[in-house]
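Read through the structure below, which is laid out as structure tokens, and then see the notes.
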Amino acid sequence: QPAKVHVKHDMTPAQAPTDPGASAPTGGIKVKVSTKLDTCDLAQPETCSRAERWLTSLLNKGEAITFEQWKSRIRALAPYVMLAMQPIFAALLLLVFAGSGRRYAEHFVFSLHSHSLWFLAVLPAMALRLEGPVTLAVFIHGLLAMRRVYGLGRWGALWRGLLVSLLYFTLFVVVAMAGFAVIAMTS
């Protein structure tokens, strides 16, 4: 059964309504994670597998963290996720540009340059609350960089850029979810 997440600002899960239809106290966003597993009853540990006990414990830890705590931990973890994604981005480039004659190291250098720009662009964008326009500008820069480095035309750069972006975002979410698990385990 999937976990249900209800979010309220600066509140602990104990302050949340137990009925999904009930109205929560006003005041923003709160994290609430349902830990109901089909056959697992922690009062009777023999009914739970080791994985179910671990998952329930992890969800309970995550449930005890307020939204502001999650937010601050995510901001602290984001640079490490981006750092972890650099070799993955290079591998995606190697996959998309298979047959180009370029080696992984060349794609990795392109990845380093791209991520450096992203870091430099995101910092002021977050401070000025301009994430949307800056994201678009960074994407356009990436397309122009692909055209120059890989010698592509407009359409070749566009479809490859969209494909790499889709794959990168999907894998970024996977790495971020692993980061969320780390956050919950270290709380």
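Taking Ala157 as the residue in question, decide whether it is of a type in the set (A, V, I, L, M, F, W, C), in contact with a Lys or Arg (Cβ under 6 Å, 6 or more places away or on another chain) and either over 15 Å from Phe89 (Cα atoms) or outside the structural domain of Gly99 (by TED's automatic domain parsing) (or both). So Ala157 passes the test. Residue pairs whose Cβ atoms lie under 9 Å apart, sitting 6 or more positions apart in sequence or on different chains, and linking a residue in region 150-164 that is over 15 Å from Ala98 (Cβ atoms) to a partner that is surrounded by 13 or more Cβ atoms within 10 Å (Cβ to Cβ) and of a type in the set (Lys, Arg), are Gly153/Arg147; Arg154/Arg147; Ala157/Arg147. Checking each residue in region 69-103 for being touching a residue at least 12 places away in the same chain (Cβ under 8 Å), more than 28 Å from Arg147 (Cα to Cα) and of a type outside the set (A, V, I, L, M) picks out Gln69, Trp70, Arg73, Tyr80. Checking each residue in region 89-133 for being among the hydroxyl-bearing types (Ser, Thr, Tyr) and either more than 20 Å from the chain's Cα centre (by Cα) or more than 25 Å from Ala76 (Cβ to Cβ) (or both) picks out Ser100, Tyr104.
Listed conditions (1) touching a residue at least 12 places away in the same chain (Cβ under 8 Å); (2) over 25 Å from Ala76 (Cβ atoms) are all met by Leu136, apart from (1). Does any residue of region 90-103 turn out to be surrounded by 16 or more Cβ atoms within 10 Å (Cβ to Cβ), assigned by TED's automatic domain parsing to the domain that holds Gly179 and touching an Asp or Glu at 6+ places or on another chain (Cβ under 8 Å)? Looking for residues that are surrounded by 16 or more Cβ atoms within 10 Å (Cβ to Cβ), assigned by TED's automatic domain parsing to the domain that holds Gly179 and touching an Asp or Glu at 6+ places or on another chain (Cβ under 8 Å), one finds none in region 90-103, hence no.
The values are calculated or read from the model by the stated rules, or taken from the named source; none is laboratory data. Since the model is a prediction, treat every value here as computed from it, not as a measurement. We place every Cβ from the backbone using ideal geometry, glycine too, and count neighbours over all the protein chains shown.
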